[in-house]
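The values are calculated or read from the model by the stated rules, or taken from the named source; none is laboratory data. The structure displayed is predicted, hence computed values, not measured ones. Note: ideal-geometry Cβ built from the backbone for every residue, glycine included; neighbour counts use all protein chains shown.
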Amino acid sequence: MQDHVFTNRYAIGVFDGVGTSTRPDLISFALARECNLRTSKVASPASTENNSLATLIEVASSDAMKNEGHAALSWAMATQLSNGHQQRQDAVTASTACLVRVASFGTEDNRQYAIHAANVGDGFWIVLRQGAGNLWSELAHSEPSFHDRTRSGARPPLQIAYDLRGTWVMRGDVSNRAHRSEVPVQSGDIVLAMSAGAVDNLPIAVDQPHRSLAAWIVSRINRDVRSIRWTPEKLVSIFKQRVQSSMRSAYAKHDDYSIVAARVSIGLPAPSPTLAAGTNVYPVQQEM
């Protein structure tokens, strides 16, 4: 499994190991674990910078991740050598990252909250709100982010990558190109996030995948708003079923996938349960 996710009281994250890299499962797990540790204690204070992007950069720059990158590639190289194969010295291990975090601002008697989201690569998130007539609308959604085109003309999704020395390569691309958003939220809003494996098997327009997917999600929810009470659990269940159905078609894009959802519940007196980082499940009814 190359996807790893986490949810806690203040954040959700989706990390998708890049299949063309070496041991992407290890690096995506490590990123999920470290981001979970840094976001699980308290809502992030708002500032002039995007706190989710700042967290991703802090994690990716840490000694822990440098060691993980070095260890993953060293392990892979030793394994290949023992099997009689030569490991390329320029190999990298890489993962995309989608982090959505609650930030607080204002005075104690006028506390306000916002979602700070950062998308490194082609993961997806959307913030939903139910309004008049119980209809749902989109507050904001992600956009994919990319590296420069390669010599072959391909444009790979932005990723956090490490070389054999544990050096974070192409760091400037993440800092400058990652998609980021700050969205005011209130209790009852729902955040839905998923990896590229799910996105690629849902109805999207190739030229605007995230915008078209966001529109389809809102339309799909409102189609059954009279018969379905949309909770994080229900959203995950319905979209998981749709992805699984799509993967049985002749046009499926087979890949690991993860889907997570959380309801914004500001002012809860006690922490809600935390899902262990790296657990490959579909967490439900998680509060933020």
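Quick notes on this structure:
- Here residue 255 fulfils each of the conditions (1) within 25 Å of residue 25 (Cβ to Cβ); (2) of a type in the set (D, E, K, R); (3) assigned to a helix (DSSP H, G or I) apart from (3).
- Checked against the criterion of being within 18 Å of residue 98 (Cα to Cα) and of a type in the set (Val, Ile, Thr), the candidates 218, 236, 243, 225 yield just one match: 236.
- Single residue of the stretch 205-235 satisfying the filter (of a type in the set (A, V, I, L, M, F, W, C) and under 18 Å from the mean Cα position of the chain (by Cα)) that is farthest from residue 140 (Cα to Cα): 235
- Selected residue (criterion: nearest to residue 145 (Cα to Cα)) from residues of the stretch 178-190 that are under 16 Å from the mean Cα position of the chain (by Cα) and not in a loop (DSSP other than H, G, I, E, B): 179
- Count of residues meeting criterion [surrounded by fewer than 24 Cβ atoms within 10 Å (Cβ to Cβ) and not in a strand (DSSP E or B)] in the stretch 109-125: 3
- So residue 129, is it modelled with pLDDT of 90 or more, more than 22 Å from residue 201 (Cα to Cα) and basic (Lys, Arg): yes
- Applying the set (1) under 17 Å from residue 138 (Cα atoms); (2) part of a helix (DSSP H, G or I) to residue 193 leaves exactly one unmet item: (2).
- Long-range neighbours under 8 Å by Cβ, at least six apart or interchain, first residue of a type in the set (D, E, K, R) within the stretch 196-213, second crowded, with 22+ Cβ neighbours inside 10 Å: 211/141
- Selection from the stretch 196-217 of residues that are in a helix (DSSP H, G or I) and over 10 Å from residue 124 (Cβ atoms): 197, 211, 212, 215, 216
- Among the conditions (1) surrounded by 15 or more Cβ atoms within 10 Å (Cβ to Cβ); (2) not in a loop (DSSP other than H, G, I, E, B), the only one that residue 166 does not satisfy is (2).
- The residue of the stretch 73-108 that is modelled with the lowest pLDDT, among those that are farther than 25 Å from residue 197 by Cβ and either buried (at least 21 other Cβ atoms within 10 Å of the Cβ) or charged (D, E, K, R) (or both), is 88.
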